[in-house]
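The values are calculated or read from the model by the stated rules, or taken from the named source; none is laboratory data. All of these numbers come straight from a predicted model, not from anything done at the bench. FYI the Cβ positions are ideal-geometry reconstructions off the backbone, even for glycines, and counts take in every protein chain you see. The protein model used for the area step is the full one, side chains on, heavy atoms only, and it has no ligands, DNA or RNA in it. Shrake-Rupley method; radii C 1.70, N 1.55, O 1.52, S 1.80 Å.
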Amino acid sequence: MKFKTLLLSGVLAGVAIVGVSSQALGAGPGAGKAKFGTWGYDATSMDPSVKPGDDFFKYVNGNWDRRTQIEPDKTSAGVDVQLADQAERDVHQIVEDLAKDPAKAGPGGRRVGDYYAAWMDEKGLEARGTAPLKPYLARIAAAKSKADVAKLFAAPGFESPVNVSIGPDFDNPDIYVVGLDQSGLGLPNRDYYLREGAKYDGYRKAYRDYVIKIQTLAGIKNAAAKADAIIALEHKIAEAHWKPEEMRDVDKVNNPMTVAKLTATAPQFPWAAMFASTGLGAPKKVLVLEPSEVKAAGELLASTPLAVWKDYLAYHFIRTHAAYLPHAFDQANFDFFSHTLRDVPVQRERWKRGVQLINRQLGEEVGRIYVAQHFPPEAEKQTAELVANLTAAYGERFKNAAWMDDATRKAALVKLGTFDPRLGHPKKWIDYSSLKISRTDLLGDAVRSETFAWNLDLSRYPKPVDKGLWDMVPQVVNAYYNPQANQITFPAAILQPPYFDPGADPAANYGGEGAVIGHEMGHGFDDEGRHFDETGKVRDWWTADAAKAFGERAAMLGAQFDTYEPVPGVHINGKLTMGENLGDLGGIEAAYAAYRRYVAQHGEPAVIDGMTGDQRFFIAYAQSWQDKVREGALRAQLLSNPHSPAEYRVNGIVRNVDAWYAAFNIKPGDKLYLPPEKRVHVW
């Protein structure tokens, strides 16, 4: 089975593909030079021919969009891509130095340098050919029964229709629990197997060609017939998969079972033997996220011939490890998954992919070096001030939220008071000393890394939950909210302009960084956050009346987003994106309230470049969403990602904010105009 963090595998994931930056309050123009323009915005990005009320995204970013080309090796262009590129260059310098002189940073530096050197040794990969695959394929070939296959499902590096993981318990977030959730597909999600239409027929045909090719490259005979059987099996697995939007309901996915009950649900799996083989022993409790999928997987295990399961395992092992094999495997993977599915013309340079490999598999090892070189300690102190302002603003919003009754309001304020903001990097780093890396065995390095990751999780089970752990490494451009620890986390790489710039206007900092901090904080109080109390335990702290009132607002917002059609024939799924849309709306409302608190303390700001402070706030918000995406990647996002496309995270949000209407004199007849009674207000 593949191993991943239980709650961040798509279930209640509060990850926002946005971030914050380095300081709470900018001193304003004159105190320092803003990186973008005169006050934190590059005015050449604007298209003044567009009315703000018709398309605010294009008004702010129209010229940027016209002049910006997506690089041929990328799926998108934008603010986050620029920041990620810089972090990538910074890490590249680190790993290149360590590859040349691996002893420079001690044993940890040697691991990083050796792994990167193994990745970059293309001549060695070609010379070894498919020989590194043989022991893993032999292990599959040796399976004599369905029980043997099931044990392979439970081994790091092998695919399975049911994924096993270890994470905090829903009912007691202070302890770890074993979790099971749906897995087992080669295409991105169930829709690629089940949707009708020429586009998806084309994807499925190309996928069949890919499955044949990847097996043929490995020397597997009868590849076409085996491909048809594998894809037919995956189609049946896809039919049993839950829809992405269904995964947002914690009440539906919180299904604790004993092993006896799990065995009754899917008796075809030798659960006790599987758990024992992973090192879990005999768990007293298993959290089953999608019981019907697990049941169906058991039935498929019994009804599908052993030979097909073995072919399935062999194919998926090769597929998921293609990047560690000779160029032909790697290229086939790119051609289908990136070029065909996501419209990416060119494979990324090898060094860039090597940096991402190190970030994934030795992330905190290199992150420790990255932080020492690129994250000044004072950044934490500066960002903490803005978090405090947002906290105060949320407190005020809760006290005045029309949909909250007294009991819900009281519980919200208690939860707000226990928020744990984490900035920059972990306080304690992961110890990788048991991971053995070889410069001449890249595939082995990858499998050993997968095994290390599982053993690391296993070492924590069943001990108390370590709430100092991070789910992202410091060099990643992202941020997230963890409902089970009531934590918001902002890695070092995202703590920089344009989200925040100490030389920029405070309005820009609140519209950029403030809205993102507000977004992450808001996840603790939305339709998902309601299910987790201040301790992280699953407990609905809303009253029925508050839930009904909030639900009416959420339904209105969902209905708005359902109407948006970024790709012809594919609308935004208002239910799937509900949590992130609510986070965006609540975040900008809270950030604006925090900005007005700042203005009350320091006085109404001057007009700059013809823009008032309020206008600059909203322009900065829209600038932070500069983004353009290839159609294939956008289609994949719409089918499976809980985040709406960037354009709609601007236009779909600001049209609900009264202050935006006042700032830009938006009137009836403007395309984004909504009558006051149709505007959704979260806080």
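Just add up the charged neighbours of Tyr564: K/R +1, D/E -1, any other residue whose Cβ is under 11 Å from the Cβ of Tyr564. Computed value for this residue: -2. For segment 189-280, the spherically averaged projection of the C-alpha convex hull amounts to 8.9 nm².
Each Lys or Arg adds one and each Asp or Glu subtracts one; over the other residues with Cβ under 15 Å from the Cβ of Leu280, this totals +3. Relative protection proxy for 254-261, 536-543, 507-514, from highest mean packing down: 507-514, 536-543, 254-261 (other beta-carbon atoms within 10 angstrom). Using Cβ point charges alone (K and R +1, D and E -1), the dipole size of segment 226-285 about the Cα centre works out to roughly 300 debye. Straight-line cross-link reach from Lys667 at under 16 Å between alpha-carbon atoms covers these lysines, not counting any fewer than eight positions away in the same chain: Lys51, Lys678. Among the trypsin sites (Lys or Arg not before Pro) found in segment 366-443, those both in a DSSP coil and sparsely packed, with 11 or fewer other Cβ atoms within 10 Å of their Cβ, are Lys427, Lys428. Over the chain, accessible surface divided per residue gives 38 Å², non-protein components excluded, 1.4 Å probe.
Taking square-rooted eigenvalues a ≥ b ≥ c of the alpha carbon gyration tensor, is segment 128-214 rounded, prolate or oblate, where a/c under 1.5 means rounded and, failing that, a/b exceeding b/c means prolate? In terms of gyration-tensor shape, oblate. Along the Cα-to-C-beta direction of Gln86, a point sits 7 Å from the Cα; which residues of segment 586-604 have their amide N less than 11 Å from that point? No residue passes the distance filter. Computed on protein heavy atoms with a 1.4 Å probe, the accessible areas place Glu88, Glu96 in the order Glu96, Glu88, largest first. Length gained on full extension, Asp101 to Lys33, computed as 0.36 nm times the residue gap minus the Cα-Cα distance: 20.7 nm.
Solvent-accessible area of His339, all protein chains in place: 90 Å² (probe radius 1.4 Å, heavy atoms, ligands and nucleic acids excluded).
A cut-off of 5 Å between modelled amide H atoms, ignoring neighbours fewer than 5 places along the same chain, links Val288 with Leu180, Asn255, Met257. Put simply, when 603-611, 182-190 are sorted by average Cβ atoms within 10 angstrom per residue, most first, you get 182-190, 603-611. Note on Asp228 and Thr451: the model spin-label points, each 7 Å out from Cα along the C-beta direction, lie 3.8 nm apart.
With a simple spin-label model that places each label point 7 Å from the Cα along the Cα-to-Cβ direction, the separation between Leu194 and Val259 comes to 3.2 nm. Classify segment 536-683 as rounded, prolate or oblate, taking a ≥ b ≥ c as the square roots of the eigenvalues of its Cα gyration tensor: rounded when a/c is under 1.5, otherwise prolate if a/b is larger than b/c and oblate if not. It comes out oblate by the Cα gyration axes. What the Cβ-Cβ distance of Lys205 and Asn400 gives, at R0 = 45 Å and to the nearest 0.05, is a FRET efficiency of 0.20. Taking Cα atoms only, the orientation of helix 578-602 departs from the longest principal axis of the chain by about 40 degrees. Sorted from greatest to least, the principal axis extents spanned by the alpha carbons of segment 111-158 come out as 40, 23, 10 Å.
May I ask you to derive the FRET efficiency for Val308 and Ser459 from their Cβ-Cβ distance with R0 = 35 Å, giving the value to the nearest 0.05? In this case the efficiency is close to 0.50. If R0 is 35 Å, the Cβ-Cβ spacing of Ala388 and Thr44 corresponds to a FRET efficiency of close to 0.50. In the chain, Cα pairs under 8 Å separated by at least six residues give a relative contact order of 25 percent. Placing one identical point scatterer on every Cα of segment 312-459 and ignoring solvent, what is log10 I(q)/I(0) from the Debye formula at q = 0.17, 0.21 Å⁻¹? Cα-only, vacuum Debye calculation for segment 312-459: -1.02, -1.30.
Under a model in which nothing but the beta-carbon of Lys, Arg (+1) and Asp, Glu (-1) is charged, the chain shows a dipole of about 1680 debye around its Cα centre. When the solvent-accessible area of the chain is split by element, carbon and sulfur atoms take up 54 percent of it, the probe being 1.4 Å.
Axis of helix 363-374 versus longest Cα principal axis of the chain: the two differ by about 40°, to the nearest ten degrees. For segment 483-625, a simple Cβ point-charge model (Lys and Arg +1, Asp and Glu -1, everything else neutral) yields a dipole of about 180 debye relative to the Cα centre.
Note on the chain: dipole from Cβ charges, positive end direction compared against Thr216, Phe532, Pro256; the farthest Cα belongs to Thr216.
The DSSP beta bridges internal to the chain are antiparallel in roughly 70% of cases. Working from Cα pairs under 8 Å separated by at least six residues, relative contact order for segment 173-247 is 39 percent.
The largest accessible area among Thr263, Thr216, Thr383 belongs to the first residue in Thr216, Thr263, Thr383, and the rest follow in falling order (1.4 Å probe, all chains). Helix 631-640 sits at what angle to the longest principal axis of the chain, using alpha carbons and giving 0 to 90 degrees rounded to 10? Taking the Cα atoms of the chain, the angle to 631-640 is about 90 degrees.
Would you mind classifying segment 428-521 by shape? Square roots of the alpha carbon gyration tensor eigenvalues, ordered a ≥ b ≥ c; an a/c under 1.5 is rounded, otherwise it is prolate if a/b is larger than b/c and oblate if not. It is oblate, given that a/c is not under 1.5 and a/b is not larger than b/c.
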